[in-house]
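One structure is given below, encoded as structure tokens.
Every number here is computed from the coordinates shown, using simple stated rules; none is lab data. None of the values given here were measured: they were computed from a predicted structure. Every residue, glycine as well, gets a Cβ built from its backbone with ideal geometry; the counts of neighbours run over all protein chains shown.
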Amino acid sequence: MSVAKHSKQHWKKSLFPWLLLAPSLLLLLFVVGGPIIGTIFLSFTDWDGIKAPSFVGLENFSRLIHDKTFYIALANNIKWMAIFLTIPVIMALIVALLISKIARGKLFYRTVTFIPYILSTVVTAKLWSLIYNPFSGVNTALEDWGLDFLAQSWIGDSAIALFSVAFADLWHFWGFLVVLFLMGMQQLDKSIEEAAVVEGAGRLRVFWHVTLPQLRPTLVLIYMLLIIWSFAAFDYVYIMTQGGPGKSTELLATYMYDLAIYNYQPGYASTVALTMGLFAGLVIIGFRFIQKKGWDV
Amino acid sequence: MKNKVTVVLLLMVIALITSACGGANDNDAAQTDDEAVEISWMTYPPFTPEYETMLKDQIAAFEDEHPNIKIDWITNDDAVQLTRQQLAAGAGPDVVYADGPMTLRRFASAGYLEPLTDQVDTYKWNDRFYDWALSTGYQDGELYGLPKSYESVVVWYNKDMFAENGWDIPTNLKELQSLNQTIQDEDIIPIAFGASDYRASNEWALTLMYNAYLGKDAMKDVISTEMKWNDDLVKEATQTWVDMWQNGDVSDKQSHAITNDDAWSLFNNGQAAMKIEGTWASNRVMGDAQNFDVGFFVMPALREGIEENIPLALGGSTGINANSEHKEEAIVFLDWLHDIEASEMEVKLGTFNPLVDLDIANVEDVAPITKDIFNEITSYMEKDQVGYASWTYWPPSANYYLWDNIEAVFIGQMSVDELLDQVQKEAEKDKEEGLLFEFE
């Protein structure tokens, strides 16, 4: 093989693909890398969004350590994550399992569960705000049915407001998980399941020992997405409660937004944003770790 | 070069932060004309179709009078935030709209606005505007913007309900508390108020209560930090509002769980007797939403020995971009926006520019409620019984902390003392940063 031919092949194999990828990579670097660098830079400044930023060293981080609202928001994010890692996942898994066993009408049930997901966030949040309205929402129906004891100030009671908002998001979101599980179930090796049944295993045992282990890659993906999304949660809280009552539904993202937009502190808001990025980074590192341990992720 | 890199990075970060909530641009650009100079002007989208028509009429009238100037009117849901980002990058509209004097002054102190002091005599602005209004556009002795639309916060009430039940408008705190109890006894909510969709609206109620309890002089002392925000008097004012809320007088203790529209529904349906909101709400009572007569009253003095007052604010301020290539033309448009012809067009929709010669009697087709509001505010101005609304006068960080945390006090997560101690700290920070309102 001539040197020229070898060089041409080398070019084709190793450099040409990168050349094709270059525009996308440059765009990615600009769109993702730029704001990340900007956020890191701003977190060390006192920028008010108007005047030129001044470097303040670790002052913002010191403030963060003593910031009560940050801890409240962080705790709420963790609660939010706990809700989303359990309720919708269990609901979606059960429903997907049931739908997968149906011979006729599968498409209908799949569509019904997925419909809420195609509604826009604003529409869903406004809809649930109406449902939670203490003067005209679900409370009125409960009172009409003689179930007054169930009537609550759904987003006005600090003890349940976060769960009420999360439930609205969950209602909108869980159909997406159903679809992910159904896709995962389509990849299952049916012969293993059939073998287990022949061996006399009951439905629950088949599910626990055969189906669920095979769904592990889907579950891991879902958990990774849910954890990262939980730390970025913003829209439902912002539309329905804006973090209230008090700080009962304040999340890191809503707190950051308030600081940057209402309180003219995008410098400090960047510090809060950085912590959100750090949490997301830790999650990804964690999943990379379990992947290296041999999990099929 | 370093500065340019910094600015680009800042813009990208801001774009990231605001992208989730930003709206789309809606360019209503004027027709391109090669010979005409084009001036850009960005505002929030008009809140009613009538307002949009009026603004378009204003622009058309201006362009008729000034064929050499075309207006590129841009609307954006986050107009002020977007302007802020654009100005930081050395760009932005020629005519800069700010959502009040405080924002205008922030822009001015950053060097984004063109000083207009030399134009004061040229356009006779000293004679045209009320002194209190024009003074809000000054920063370090230079004028940077003109005042737009003054407003206040009042108590709207169901006139028919009051008449049927023989209820009188209260004249002091005791009467207000007694009225609230009487209304509650009839299974009606005394005051409708909702803030779940816009928690900053808590400042409307705080403005009303603080001015009514402190009086205009003490309010001014607090704003200028001559009196502390955690002074006993401010504590009493705050506690009075908290007590009313906890007594169920305000949306049956659900103001934090309902939106402002929900609160209006309570009022419109006769489930609530009164509604606290700004004078801008006249638009809501001019249509057919209510099947009863709506009136309004100024919150009475809630403490012995002070006169009642009407807190004043400016709904907007407008200046000229220091980087504009057409400053001269932009100033012509700015002046026109605030002259008597344009202002009379706005009066019909309940927007009052602070012009000395603006007389509502000269304007046709004005709704009676709009006339009443205009005349009421004017009479208080003439009597010099005007207070200070939060969004124009109060220290910004202190004000933010107040409205951001008052609900925590309502529901017992925070005490009045804790709230006001922190507000005082925020006010001191504002003072250090030169953000206190400069009273002349």
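List of remarks:
- For B:Lys425, the shell of other residues with beta-carbons less than 12 Å away shows a net charge of -3, using +1 for Lys and Arg and -1 for Asp and Glu.
- Coil-residue GluC sites (Glu not before Pro) of the range B:336-396, DSSP, other Cβ within 10 Å capped at 11: B:Glu364
- Percent antiparallel among DSSP beta bridges (both partners in chain B, rounded to 5): 65
- Put simply, the amide H of B:Gly100, placed in the peptide plane, has neighbours under 5 Å in B:Ser317, leaving out anything fewer than 5 places away on its chain.
- As a rough guide to protection, the peptides B:430-439, B:291-300 ranked by mean Cβ packing within 10 Å, highest first, stand as B:291-300, B:430-439.
- By definition, a body whose alpha carbon gyration tensor gives a ≥ b ≥ c is oblate when a/c is 1.5 or more and a/b is not larger than b/c, and the protein assembly as shown fits this oblate description.
- Cross-linked pairs B:Lys56/B:Lys124; B:Lys174/B:Lys216; A:Lys68/B:Lys431; A:Lys126/B:Lys275; B:Lys56/B:Lys327; B:Lys124/B:Lys431: Cα-Cα separations exceed 31 Å for B:Lys124/B:Lys431.
- The distance from the alpha carbon centre of the range B:311-352 to that of the range A:100-147 is 47 Å, rounded to a whole number.
- With Cα atoms, 0 to 90° folded angle of helix B:232-246 axis to chain B main axis: 70
- Computed from the Cβ-Cβ distance with R0 of 51 Å, the FRET efficiency linking B:Phe292 to B:Thr122 stands at 0.55.
- Sequence-ordered 3J(HN,Hα) estimates for the range B:195-210 from the Karplus curve with 6.51, -1.76 and 1.60 and θ = phi - 60° stand at 9, 5, 9, 7, 5, 4, 5, 4, 5, 4, 5, 5, 4, 5, 5, 5 Hz, glycine and proline given as x.
- Helices assigned as whole DSSP H runs in chain A whose Cα atoms extend at least 27 Å along their own long axis and whose mean Kyte-Doolittle hydropathy is 1.0 or higher are found at A:68-101, A:161-186, A:266-292.
- In degrees, nearest ten, helix B:2-18 long axis to first principal axis of chain B (Cα): 40
- FRET efficiency for A:Phe61 and A:Ile290, using Cβ-Cβ distance with R0 set to 25 Å, rounded to 0.05: 0.25
- Prolate/oblate/rounded label for the range A:255-297 (Cα gyration tensor, a/c 1.5): prolate
- The residues packed around B:Glu142, meaning those with a beta-carbon under 13 Å from its beta-carbon, carry a net charge of -3 if Lys and Arg are +1 and Asp and Glu are -1.
- Overall form of the range A:67-292 per C-alpha gyration tensor (a/c, 1.5; a/b vs b/c): oblate
- Rounded FRET efficiency, nearest 0.05, which uses the C-beta distance separating A:Lys106 from B:Tyr44 and R0 of 45 Å: 0.40
- Helix B:49-65 vs. chain B, principal-axis angle (Cα, 0 to 90°, nearest 10): 30
- Electrostatic tally near A:Ala233: other residues with Cβ closer than 14 Å to its Cβ, Lys and Arg +1, Asp and Glu -1, net -2.
- Lys/Arg +1, Asp/Glu -1 at C-beta; the protein assembly as shown dipole; positive extreme among B:Ala257, B:Pro45, A:Leu119: A:Leu119
- Full-stretch length increase - B:Asn172, B:Val37 - with 0.36 nm per residue and alpha-carbon distance subtracted: 42.9 nm
- The charge dipole of the range A:67-292, taken about its Cα centre with unit charges on the Cβ of Lys, Arg, Asp and Glu (plus for the first two, minus for the last two), comes to roughly 740 debye.
- Rounded to whole Hz, the Karplus (6.51, -1.76, 1.60) HN-Hα couplings of the range B:92-105, x for glycine and proline: x, x, 5, 9, 9, 8, 10, 7, x, x, 5, 5, 4, 5
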